[in-house]
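One structure below.
Only the coordinates and a few stated rules stand behind these numbers; no lab work does. Fair warning: this is a prediction, and the values are worked out from it, not measured in the lab. Neighbour counts run over all protein chains shown; Cβ positions are idealised from the backbone, glycine included.
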Amino acid sequence: MPRIAFLGPPGTFTEQATRALTADFDAELVPFDTVPNALDAVRSQDVLAAGVPMENSVEGSVSATLDALTMGEPLVAVAEAVLPIRFHVLVRRGTTAGAVSTVASHPHAIAQVRSWLDRHLPEARVLTTSSTAAAAAEVDGGHADAAVVAPVAAERHPALVPLDTGVADVADARTRFLLIRRPGALPEPTGADRTSIAVVAHDEVGALTEVLSELSLRGINLSRIESRPIKDRLGEYRFFLDFDGHVADARIGDALTGLRRRCEEVRFLGSYPKADRSPASVRPAASEQAFRKSMEWLAEVRAGRLA
Ligand SMILES: O=C(O)C(=O)C[C@]1(C(=O)O)C=C[C@@H](O)C=C1
């Protein structure tokens, strides 16, 4: 049975997302304490794949995931899941709100319940943990008084009880997760795909505009752009781009070759079906047929058959 890593311990949102991402096959889910460790386990072939959090609609990208994806051997995303995010606040039985002096959770979770904390636990000191489920373990072990967790964590910690449920400052908050593997056969194009890449542009005037032009000229819809420092050079950045389409689509392949010529570095991070299955809208001039016809025309010109 394939082993699939997830950000643990058991009871995280990432575990829930990884179960959804692997629902089509039998898999043994294996918890890892950090996203970089989960991805390294994929690289070292300890596991087949890893489910990782990518971005949250309230707090933005998960930097640990972005950095770990571009450091080390190449990895690619093969599937995407989006979960609605609402939290339980768990305490040990008998703890009242007034008795909570420390509240623990993952920084992304804390950021999504700031107003709730200001209203209900204004005096509590925040302790950050590597995941929401790790926070539940801290409360269970007596190292914190309250934990902001995924509802599934309550089942893992029967000694804890909810101080509140359905907690979310933003009612429709969502987190996007990816299933990451070593490079291999790509998922088939579905017409509703997303492609992710990371590029380092040359340090020159207009470099980012030119990167974006490669996409816009071909009518490619950009769904996310994010920058992370390169780390060994101050003031230089790696851009993470997500856009509609599959690398097998002519317009995407054409844009990628343009980027490859133009950029210092291009890392392909996968083409996979979008969680919401919304089809890409493709301009007539960027359709498969338009690309094929233009290539046929060029072949005729090169063969001296057209003037
Ligand atoms: O700690 C967890 O439960 C996670 O799966 C991580 C994570 C995140 O990285 O954003 C996932 C979803 C929520 O937005 C809060 C935390």
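Any chance you could give the angle, 0 to 90 degrees and rounded to 10, that helix 250-262 forms with the longest Cα principal axis of the chain?
Helix 250-262 sits roughly 90 degrees off the main axis of the chain.
Quick one: 3J(HN,Hα) in Hz for the stretch 173-183, Karplus 6.51/-1.76/1.60 with θ = phi - 60°, rounded, Gly and Pro as x.
Running phi through 6.51 cos²θ - 1.76 cosθ + 1.60 with θ = phi - 60° gives 4, 9, 10, 9, 10, 10, 9, 10, 10, 6, x Hz.
Helix-derived [θ] at 222 nm for the chain: sum -39500 (n - 2.57) over DSSP H runs of at least 4, divide by residue count, nearest 500?
Details: 10 runs with 91 residues, N = 307.
Taking each H run of at least 4 residues, the total per residue is -8500 deg cm²/dmol.
I want the local charge near Leu69. Using Cβ-Cβ distances under 13 Å, sum +1 for each Lys or Arg and -1 for each Asp or Glu among the other residues.
Values: positive: Arg43, Arg181, Arg182, Arg228, Arg238, Arg267; negative: Asp40, Glu55, Asp67, Glu73, Glu226, Asp242.
That works out to 0.
Ordered by residue, what ³J(HN,Hα) values in Hz, to whole numbers, does the stretch 211-222 give under the Karplus form 6.51 cos²θ - 1.76 cosθ + 1.60, where θ = phi - 60° and Gly and Pro are x?
4, 5, 4, 4, 7, 5, 4, 9, x, 8, 7, 7
Cut-off is 10 Å between beta-carbons; in what order do Arg114, Arg261 appear when sorted fewest neighbours first?
Final ranking by Cβ density, sparse to dense: Arg261, Arg114.
How many angstrom lie between the Cα centre of the stretch 62-92 and the Cα centre of the stretch 95-125?
With the stretch 62-92 and the stretch 95-125 each reduced to a Cα centre, they are spaced 23 Å.
Which GluC sites (Glu not before Pro) does the stretch 117-174 hold that lie in a coil by DSSP with at most 12 other beta carbons within 10 Å? All intermediate terms of the calculation are to be shown ahead of the outcome.
Values: sites: Glu123, Glu138, Glu155; in loops: Glu123.
Filter output for the stretch 117-174: Glu123.
Mind sorting His88, His143, His106 by how few other Cβ atoms lie within 10 Å of their own Cβ, fewest first? If you can, show how the numbers build up before the last one.
On the way: His88 22, His143 13, His106 27.
Sorted ascending by nearby Cβ count, the order is His143, His88, His106.
Report ³J(HN,Hα) in whole Hz for each residue of the stretch 189-201, in order, from the Karplus equation J = 6.51 cos²θ - 1.76 cosθ + 1.60 where θ = phi - 60°; Gly and Pro get x.
Values per residue, Gly and Pro as x: x, 10, x, 9, 10, 10, 10, 10, 9, 10, 10, 10, 7 Hz.
Excluding Ala41 itself, calculate the net charge of residues whose Cβ lies under 14 Å from the Cβ of Ala41, where each Lys or Arg counts +1 and each Asp or Glu counts -1. Kindly include the intermediate steps, with their values, before the conclusion.
On the way: positive: Arg3, Arg43, Arg181, Arg182; negative: Glu28, Asp33, Asp40, Asp46, Glu73.
Result for the local shell: -1.
Need one word for the stretch 87-167: rounded, prolate or oblate. Basis is the Cα gyration tensor (sqrt eigenvalues a ≥ b ≥ c); a/c below 1.5 gives rounded, then a/b vs b/c decides.
Note, shape of the stretch 87-167 comes out rounded.
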